[in-house]
Amino acid sequence: MRILITGAEGFAGSHLVDCCLEQGDEVWGTCRPGARTFNIAQQLDHITLRVGDLTQPDFLRGVLRENKFDALFHLAGISFVRDAEREPARTYEANLLSGIHLLEAVRTLSTHTRVVLVSSAEVYGPVAPERLPVTEDYPFAPPVSIFAAGKAALELAAHPLIKIYGLHVVLARPFNHTGPRQRADFVCSTFAEQIAKVETGAEPVIHVGDLSPRRDFSDVRDIARGYRLLALQGVKGEAYNLATGKSVRVQEILDILVNLARVKVEIRQDSTRLRGANQVMDVRGSIEKIKAATGWSPEIPLEKTLKDLLNWHRGRLATGRG
């Protein structure tokens, strides 16, 4: 396929670049002005990259006029909940308005293109324990974060465009995913980065928040593979969870990483790392729908994911990128 990935330089975007190149696709990508591209540094000679602001409609229109794309994956946007809470208006521009501009550009210039809109499991909000693992037909609860509200709003905005204009849009709802290249703001990556820093001589203390919540963690490389399968086999207008169907306590994540550490560390709770009253205590998603549609299921064990994440941080620090 000839594909276009928005946010190609990002965490999941860069792994989707890798996945699609491995499958023989012709890969185009977009990144925002000033973005660091080290996640795709080894692929820059193999892809076509365009730099611009997706909140400005003319940028993506220009890219779509350059070529005909079989699939478009929309991953660009603000992905960290606390970033969204610091800048609500900018988050709605990046996560909602840019998506609407993208769909309008596809409607007017590229109606044959299959679009995978990457939403989030955050749209479900708190889910009653008896409804876990949550299925795609679970009704949205009032959003508990700016990030969740933006993602839910884009899903709602997409449906009339699908029904009225026949756009082939598939909605992807990934649950927590981690692995190499993840920002250290996220829980698995912050533990791994702190351990890697201790191994290079930092104070042997790992600062943590609440370790009791349970999350459904996948490997980002499995998630990227799922996105590509959804472009090929996902049904127009349908939403699909990408998850494992099982949740683990954050404490278990920490335990695995500490066992991989080359030095002994002390665990110390840090009140600044607590998420507060809106914390959802258990999340896990059903993957029966995507499995039936595409055959996808996660393949990479959590232990390997965390080992690869830790080794990535070790390499990053060793080469001076930390």
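The values are calculated or read from the model by the stated rules, or taken from the named source; none is laboratory data. Everything numeric in this text was worked out from a predicted model, so none of it was measured. Neighbour counts are summed over all protein chains in view; Cβ atoms, including those assigned to glycine, are modelled from backbone coordinates with ideal geometry. Note: accessible area is taken over every heavy atom of the protein model, side chains too, but ligands, DNA and RNA are not part of it. Shrake-Rupley method; radii C 1.70, N 1.55, O 1.52, S 1.80 Å.
Quick notes on this structure:
- With a simple spin-label model that places each label point 7 Å from the Cα along the Cα-to-Cβ direction, the separation between GLU66 and ARG268 comes to 4.8 nm.
- Percent antiparallel among DSSP beta bridges (both partners in the chain, rounded to 5): 5 percent
- With the charge dipole of the chain set up from +1 on Lys and Arg Cβ and -1 on Asp and Glu Cβ about the Cα centre, the Cα lying farthest toward the positive end among the listed residues ALA12, VAL248, VAL205 is that of ALA12.
- Proximal aspartates and glutamates relative to LYS236, as straight alpha-carbon distance under 14 Å, when same-chain residues fewer than 8 apart are discounted: GLU155
- Segment ASP45-LEU317, length gained on full extension (0.36 nm per residue, minus Cα span): 95.4 nm
- The H on the amide N of ARG284, modeled in the peptide plane, is under 5 Å from the matching H of VAL134, each at least 5 residues off or on a different chain.
- Build a GNM of the chain with springs between Cα atoms under 10 Å apart, and of PRO143, PRO204, PRO174 the one that fluctuates most is PRO204.
- Whether segment 173-232 is rounded, prolate or oblate, judged on the alpha carbon gyration tensor where a/c under 1.5 counts as rounded: oblate
- Residues whose placed amide H lies under 5 Å from that of ILE206, excluding near-sequence neighbours: GLU266, ILE267, ARG268
- Candidate lysines - alpha carbon under 16 Å from LYS246, same-chain residues fewer than 8 apart omitted: LYS289, LYS291
- Efficiency of FRET between ARG249 and GLU136 - r from beta-carbon atoms, R0 25 angstrom, step 0.05: 0.50
- Along each principal axis, taking the top coordinate minus the bottom one, the Cα set of segment 222-322 gives 49, 38, 22 Å in descending order.
- Restricting the calculation to Cα atoms, the chain yields a radius of gyration followed by a Dmax of 19.2, 60 Å.
- Simple spin-label estimate for LYS307 and VAL235 gives 3.9 nm between the two label positions (7 Å along the Cα-to-Cβ direction from each Cα).
- Screening the chain for whole DSSP H helices of 27 Å or more along their axis (Cα) with average Kyte-Doolittle hydropathy at least 1.0 returns 146-165.
- Extension gain for the segment LEU109 to ALA35, taken as residue separation times 0.36 nm less the Cα-Cα distance, is 24.0 nm to one decimal.
- Segment 187-310 - percent of accessible surface contributed by carbon and sulfur, probe 1.4 Å: 49 percent
- Ordered by 1.4 Å accessible area with all protein chains kept, LEU156, LEU274, LEU64 run largest first as LEU156, LEU274, LEU64.
- Rounded percent of accessible protein surface that carbon and sulfur make up, segment 1-156, 1.4 Å probe: 49 percent
- When the listed pairs LYS151/LYS264; LYS68/LYS151; LYS197/LYS304 are checked against a 29 Å cut-off, the alpha-carbon distance exceeds it for LYS151/LYS264.
- Three-way shape call for segment 273-322 based on the alpha-carbon gyration tensor, with the a/c threshold at 1.5: oblate
- Of the trypsin sites (Lys or Arg not before Pro) found in segment 222-322, those in coil by DSSP whose Cβ has at most 16 other Cβ atoms within 10 Å are LYS236, LYS246, ARG262, LYS264, ARG275, ARG321.
- Accessible area per residue for segment 214-267 is 42 Å², calculated with a 1.4 Å probe on protein heavy atoms, without ligands, DNA or RNA.
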